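What follows draws every value from the coordinates through simple rules; no lab data is involved. Because the structure is predicted, anything quoted here is derived from the model rather than measured. For neighbour counting, all protein chains shown are included, and Cβ atoms are generated from backbone atoms with ideal geometry for every residue, glycine included.
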Amino acid sequence: MKCACWPELLRRTAETARLMLGVADYDAYVAHFVAVHPDATVLSREAFFRERLAARYRSGGLRCC
Amino acid sequence: MAPARAIVAGRLSAAHILAWGAVALLGGASLGVLALHRGETVSAAWLVAAALCTYALAYRFYSRFLANRVARLDPARPTPAMRHPDGLDYCPTHPVVLFGHHFAAIAGAGPLVGPVLAAQMGYLPGTLWILAGVVFAGAVQDFLILSFSVRRDGHSLGDMIRRELGPFAGTVAAVGVLAIMVILLAVLGLVVVKALANSPWGVFTIAATIPIALCMGLCCRFGGAHQVLEVSAVGVALLLAAIWAGGRVAADPAMAAWFTFPPRDLALMLIAYGFLASVLPVWLLLAPRDYLSTFLKIGTIAALAVGICVTLPDLRMPAITRFADGSGPVFSGALFPFLFITIACGSVSGFHALVSSGTTPKMLQNEAQARAIGYGAMLTESFVAIMALIAASVLQPGAYFAMNAPPAAVGSTVQAVAANVSSWGFAITPDDLTRLAHQVGESTILARAGGAQTLAVGMATIFSRVLGGGGTMAFWYHFAILFEALFILTTLDAGTRVARFMIQDFGGNFLAAFGRTDSLPANLAASGLAVCGWGFFLYQGVMDPLGGINTLWPLFGIANQMLAAIALTLCTVILFKLKRGRVAWVTCVPTAWLAVCTLTAGAEKMFSDVPAIGFLAHAAKYSAAAGDFQVLAPAKTIADMRQVVINDYVDVSLTALFMAVVSVMLVVGAAAAWRAATDPNVTAAEVPDEMRVLA
């Protein structure tokens, strides 16, 4: 994080906050998906969020005491 | 191994030696001041300095040794996220972002409660164990489990135990984890009940979190899921408003009566709530409350750090109190072994092994980052424990003991409590106790063992010095209570679900229909079993004349440290399988220490002659009294007396189960390590080295 420009810092903070809730970066997902599976349909933002929510609590959602 | 060698070969320059020497000197001097100081008070600055210097040295030197010589991290070796990225579970993540994720997953109520309870022996024993424990056990476990999981495609702790130690060990460990879940949930539930008993302000704010979370859940589900951060921000603002409204409710006698409940009723409500919450869809209640508690937790920890570093309050608790001998009112048992199981999270916590082998290993960009994330996040968690210890120690010791001593020991009026606590040498007047209760907006602060209230009063004292003065103490107190209760309710909900899946997994072996997680009857039955499990211990704890925490926290501590011993045993076996037996002392030493602590503590909990410590002695006392038709508190009838005896036998059985699990795992682990040591080949199940990118 050498670049101290504010938009970048804000974006990273939001990314961290979302990941704390178990929601991975949507843009990274789209970039990856388009590169690897160019023919398949990418999940929408809503569907992506629901998938991540289900994944977080699939086995109950274990965190520390 | 070339890159790793190159890092090790780097020698320290003279300037580095001077700088690190200065850090070591400052840390040593700070610890010296803490240990030798014999005045009325000592500044928390010494404690903060000692902790930070210890962490800096441990990170710079010990974690580097672990990374280069023990785990042999190789930046060129692709991580699971690099090998098969899917944009979902497996995605290479910026290390700072991942650190935040990992820290949020390991930080919880544990490091805040344990040190507060341990403060009854003075601040020094707790400090030394938190620092030594994290450097040589806790952070080592977190780091190595993370590293080994990265080398195994992000496998979970259970999978790694099955693969490296065999299916039998895997089953034994799974039974242990289920038993830990049950006792953990009961103890955390007890902490909430103790904090909310007869507190209309507290109950109102916690009750308000339910409609707030439901609204958030509905908003996220139907109003735009990607707005999760914005929705959470509104939720946090509503929570703060609920704290303010709670003060109004508590001030109005008619409304306050609706939200005032004795401990027993709260326990029953919590059990019913736990069942309902765990069978509702996750998006409706669990997830939004999880979001609120995550942000409140990070915010509170940050605020506490700022508050302590700005005010640098004086510690008023003595370095060592007379209760190091085991006669303390908060938890029973002598310094060894009970201090070492009372403070679990913050020095070493077996639970972290489950988290470190969960989502984090699937997101590492580069193996070398495991050091900062595994070892570094645990050091940060340890600092949270140090801050909790400071918050408990800034209180007047008399007030600390008045809050945490059970009524059976000190009475239930302010006069009786003040007289008894003062007679122990911690001067306090009835007026002091009444004034403190009034300051935090409560009718009483007595008999609230469990850590939450003590921490809240300590935090309120510190926060109100930074922001707003004494008039805001009541707000900050209820803010701290809300944070802890909200967090614990989320854990109860999530934990009940985890226990439910485990029960269905086991039950499915005998009755296939029971194992189907999508079947509603099976779901209800397994959730009911899970809730009955922890509900039993919660109810027993609430009815306990010694306050419950006194009996049950050590059981939780034993369970958690036992899981850490299992995780470290696995690490030891893997090191031998990798033919790195020469450095296996890094895990053997903490494993041995944890085994000695948990087995000694377990044996004392079962067989000690002191009824406050030993379950069998306690059962014998109640059986004998019942034989003479005597009724001892809290029992009111002979039938109650029998129930007390039955509870004791259940506790004995659970302790025996914990000891059996840890013993079996140690024996299986030792045998596997021996086989690996005598085998000339590397036998660990790592992802092959050919996958290395030679770039």
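Descriptive notes on the structure:
- Helix B:123-133 and the long axis of chain B differ in direction by around 20°, with both axes built from C-alpha atoms.
- Dipole size of chain B about its Cα centre, with +1 on Lys/Arg Cβ and -1 on Asp/Glu Cβ: approximately 1360 debye, rounded to the nearest 20.
- The stretch B:439-559, relative contact order [Cα under 8 Å, separation at least 6], %: 18 percent
- The mean number of partner chain beta-carbon atoms within 10 angstrom of a residue's beta-carbon across peptide B:85-97 is 6.
- Residue-averaged beta-carbon neighbours from other chains (10 angstrom radius) around B:579-589: 0
- Alpha-carbon centroids, the stretch B:277-334 and the stretch B:10-54: separation in whole Å: 25 Å
- Relative contact order (%) - chain B, alpha-carbon pairs under 8 angstrom, separation at least six: 23 percent
- Label-point separation, residue B:674 to residue B:649 (7 Å along Cα→Cβ), nm: 3.7 nm
- Relative to the longest principal axis of the Cα atoms of chain B, the long axis of helix B:228-251 lies at roughly 20 degrees.
- B:553, B:424, B:674 arranged by Cβ crowding within 10 Å, fewest neighbours leading: B:674, B:424, B:553
- For the stretch B:556-661, the spread of Cα coordinates along the three principal axes comes to 64, 19, 16 Å, biggest extent given first.
- Cα shape, chain B, gyration tensor, a/c 1.5 rule: rounded
- Pairs over the 28 Å Cα-Cα cut-off, from the set B:194/B:362; B:577/B:605; B:297/B:362; B:297/B:577; B:194/B:297: B:194/B:362; B:577/B:605; B:297/B:577.
- The stretch B:633-655 and the stretch B:397-441 have Cα centres separated by 29 Å.
- Helix B:95-106 axis versus longest C-alpha principal axis of chain B: approximately 40°, rounded to the nearest ten.
- Kirkwood hydrodynamic radius of the stretch B:1-159, from the reciprocal of the average inverse Cα-Cα distance over all distinct pairs: 18.6 Å.
- Sequence of B:343, B:17, B:390, B:298 once ranked by neighbouring C-beta atoms within 10 Å, starting from the fewest: B:17, B:298, B:390, B:343
- Taking the centroid of alpha carbons for each part, the stretch B:111-155 and the stretch B:205-265 are 33 Å apart.
- Diffusion coefficient (Stokes-Einstein, Kirkwood radius over C-alpha pairs, 10 °C, 1.306 mPa s) for the protein assembly as shown: 60 µm²/s, rounded to a whole number.
- Note on residue B:227 and residue A:51: their simple-model spin labels are 2.4 nm apart, each label 7 Å out from Cα toward Cβ.
- A simple packing score, the average count of other Cβ atoms within 10 Å per residue, orders the peptides B:23-31, B:602-610, A:16-24, B:635-643 as A:16-24, B:602-610, B:23-31, B:635-643, with the highest score first.
- Legend: mean number of C-beta atoms from other chains within 10 angstrom of residue C-beta atoms, peptide B:500-511, equals 1.
- Dipole magnitude for the protein assembly as shown: computed about the Cα centre from +1 point charges on Lys and Arg Cβ and -1 point charges on Asp and Glu Cβ, it is near 1300 debye.
- Prolate/oblate/rounded call for the stretch B:460-584, Cα gyration tensor, a/c under 1.5 rounded: oblate
- By the count of other C-beta atoms within 10 Å, a proxy for reagent exposure, B:484, B:230 are ordered fewest to most as B:230, B:484.
- Rounded if a/c under 1.5, otherwise prolate or oblate - the stretch B:224-277, Cα gyration tensor axes: oblate
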